[in-house]
């Protein structure tokens, strides 16, 4: 099973995970960390590294972050270079999280990963 770590600004990731659980039920393979106002980026990096290493012992890991170039994204990129062994998707939203959480596909499958990204892109619409 793929282990999912959401890293975002503030409580966005935790709230997203709770919203996902309303739809999917309990998700034992998902957790979230958030950069808080009173927390340093180094604090977040330490927590994320510990969590990623824990998750890697259970299976494949994918990290979902909110904004490309933001502190959570930068932390994930630093850790990818430092410890490796996981993938990152930028632009986390509820449709992406639901699709990933319910999937039984392998995150090493590039076609599946592209489908996940397309799901995210396709979920954004202007309705007039």
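The values are calculated or read from the model by the stated rules, or taken from the named source; none is laboratory data. Nothing here was measured: the structure is a model prediction, and the numbers come from that model. Glycine gets a Cβ as well: all are built from the backbone with ideal geometry, and neighbour counts include every protein chain shown.
Looking at the structure I just gave you, is residue 79 in contact with a strand residue (DSSP E or B) (Cβ under 9 Å, 6 or more places away or on another chain), without any contact (Cβ under 8 Å) to a residue 40 or more places away in the chain, under 17 Å from residue 4 (Cα atoms) and surrounded by 12 or more Cβ atoms within 10 Å (Cβ to Cβ)? Spelling it out, residue 79 is indeed in contact with a strand residue (DSSP E or B) (Cβ under 9 Å, 6 or more places away or on another chain), without any contact (Cβ under 8 Å) to a residue 40 or more places away in the chain, under 17 Å from residue 4 (Cα atoms) and surrounded by 12 or more Cβ atoms within 10 Å (Cβ to Cβ). Quickly run through region 63-75 and pick out the residues that are surrounded by 19 or more Cβ atoms within 10 Å (Cβ to Cβ) and closer than 19 Å to residue 98 by Cα. Answer for region 63-75, where residues must be surrounded by 19 or more Cβ atoms within 10 Å (Cβ to Cβ) and closer than 19 Å to residue 98 by Cα: 63, 64, 65, 66. No other residue among 62, 67, 6 is assigned to a loop (DSSP other than H, G, I, E, B) and touching a residue at least 12 places away in the same chain (Cβ under 8 Å) apart from 67.
Scanning region 25-47 finds no residues that are in a helix (DSSP H, G or I) and under 13 Å from the mean Cα position of the chain (by Cα). Contact map, region 9-22: residues that are touching a residue at least 60 places away in the same chain (Cβ under 8 Å) paired with residues that are crowded, with 21+ Cβ neighbours inside 10 Å and assigned to a helix (DSSP H, G or I), Cβ distance under 9 Å, separation 6+ or inter-chain. Pairs shown: 9/72; 13/72; 16/97; 17/97; 19/97; 20/97.
State yes or no: is residue 32 modelled with pLDDT of 95 or more, touching a helix residue (DSSP H, G or I) at 6+ places or on another chain (Cβ under 6 Å) and under 23 Å from residue 10 (Cβ atoms)? In short, yes. Only one of these conditions is not met by residue 6: (1) surrounded by 13 or more Cβ atoms within 10 Å (Cβ to Cβ); (2) out of contact with any helix residue (DSSP H, G or I) (no Cβ under 6 Å at 6 or more places or on another chain); (3) within 22 Å of residue 105 (Cα to Cα). Which number is it? Looking at each condition in turn, residue 6 falls short on (2). In region 36-43, is there at least one residue being touching a residue at least 12 places away in the same chain (Cβ under 8 Å), in contact with a helix residue (DSSP H, G or I) (Cβ under 6 Å, 6 or more places away or on another chain) and surrounded by fewer than 17 Cβ atoms within 10 Å (Cβ to Cβ)? There is at least one residue in region 36-43 that is touching a residue at least 12 places away in the same chain (Cβ under 8 Å), in contact with a helix residue (DSSP H, G or I) (Cβ under 6 Å, 6 or more places away or on another chain) and surrounded by fewer than 17 Cβ atoms within 10 Å (Cβ to Cβ).
Just so you know, in region 91-128 the residues that are in contact (Cβ under 8 Å) with a residue 60 or more places away in the chain and assigned to a helix (DSSP H, G or I) include one that is surrounded by the fewest Cβ atoms within 10 Å (Cβ to Cβ), and it is 102. Only one entry in 67, 88, 52, 83 is over 15 Å from the mean Cα position of the chain (by Cα) and either within 27 Å of residue 119 (Cβ to Cβ) or at pLDDT 95 or above (or both), namely 83.
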